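Step one of this worksheet: look at the structure below.
The values are calculated or read from the model by the stated rules, or taken from the named source; none is laboratory data. What you see is a predicted model; the values in this text were computed from it and never measured. Every residue, glycine as well, gets a Cβ built from its backbone with ideal geometry; the counts of neighbours run over all protein chains shown.
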Amino acid sequence: MQHMHASTLGVVCLLLFATSARGQSLWMTEHLANNCEYEAALASWSMAPADVRGSFDSRLLKARILIQLDRGADAVSELSTLRKEASEKRMAEVLLALGLAQSSARMFRSAETTLRAAREKGADTDLVDAAIAEVWLSSGRKGEAEALLRQVLRRAPDMAGPMLNLAALRAAEGNVTEAAALIRFAWALGYQNPTELRKAPEFERVRALGLINDLISTPSRRCRIY
């Protein structure tokens, strides 16, 4: 999506929190991230006590925030270490996050391999397929990406990420009316980030025609990270 901007849009709403960072010390970090304040969330994380920051769940949370900030290489570094430490029970979620981080870092071949490994470890099929479609979209395989996105939405019509990526595809084709409708569907499903919609380059023509003015001007924010 610039590469279709997919690393920013699709990943943001691909998944909800798979695991909450345990303990109360990071509740503000999670709150900020859930409300699309990723820079503030990372700053909040950095102010947590050292023993909290060093925990497995805390470092996984940090990596997820880095992905939202499009700092894929930093997230890959963190997650590669966590992969070595993860128990079999936690491996699927670590691999899923690592695949998304690799996609953000434009390591597309590695990302697809990692995501398929996550599925083999028990990660949810719809989440993995949505992530693979994200990789394909980011790497320019638009036809394959759209086919897989539609498969995912047939199985899981309440997933906002695939809906938003379809909107980006329609906008790229010049079908701004359908793109706007899909953006609204994604908004209704839980992706409510007016800041990102205001700056996403793939939706420039949609904005120019005023088709999502009400969304980009709303104070509402609800992103959540996976």
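For (1) within 19 Å of residue 135 (Cα to Cα); (2) free of Cβ contacts under 8 Å to residues at least 24 places away in the same chain; (3) polar (S, T, N, Q), each residue gets a yes or a no:
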position: 42; (1), (2), (3): no, no, no
position: 48; (1), (2), (3): no, yes, no
position: 51; (1), (2), (3): no, yes, no
position: 61; (1), (2), (3): no, no, no
position: 72; (1), (2), (3): yes, no, no
position: 82; (1), (2), (3): no, no, no
position: 94; (1), (2), (3): yes, no, no
position: 99; (1), (2), (3): yes, no, no
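Residue count for the range 44-103 satisfying the condition of being over 23 Å from residue 126 (Cβ atoms) and among the small types (Gly, Ala, Ser): 11. Residues of the range 192-208 include none that is surrounded by fewer than 20 Cβ atoms within 10 Å (Cβ to Cβ), touching a residue at least 12 places away in the same chain (Cβ under 8 Å) and among the aliphatic types (A, V, I, L, M). Can you name the residue in the range 120-177 that is free of Cβ contacts under 8 Å to residues at least 24 places away in the same chain and of a type in the set (Lys, Arg) and is also farthest from residue 96 (Cα to Cα) among such residues? By that ranking, first place goes to 170. Residues in the range 29-58 that are under 18 Å from residue 104 (Cα atoms) and either part of a helix (DSSP H, G or I) or among the aromatic types (Phe, Trp, Tyr) (or both): 33, 38, 39, 42.
Taking (1) closer than 22 Å to residue 63 by Cβ; (2) surrounded by fewer than 19 Cβ atoms within 10 Å (Cβ to Cβ); (3) aliphatic (A, V, I, L, M) in turn, residue 135 satisfies each apart from (2).
Here residue 187 clears all of (1) hydrophobic (A, V, I, L, M, F, W, C); (2) part of a helix (DSSP H, G or I); (3) more than 25 Å from residue 96 (Cβ to Cβ); (4) touching a residue at least 24 places away in the same chain (Cβ under 8 Å) except the condition numbered (3).
Does residue 147 satisfy the criteria of being within 28 Å of residue 95 (Cβ to Cβ), modelled with pLDDT of 95 or more and either among the acidic types (Asp, Glu) or surrounded by 23 or more Cβ atoms within 10 Å (Cβ to Cβ) (or both)? Spelling it out, it is not the case that residue 147 is within 28 Å of residue 95 (Cβ to Cβ), modelled with pLDDT of 95 or more and either among the acidic types (Asp, Glu) or surrounded by 23 or more Cβ atoms within 10 Å (Cβ to Cβ) (or both). The one condition from (1) out of contact with any Ser or Thr (no Cβ under 7 Å at 6 or more places or on another chain); (2) buried (at least 21 other Cβ atoms within 10 Å of the Cβ) that residue 73 does not meet is (2).
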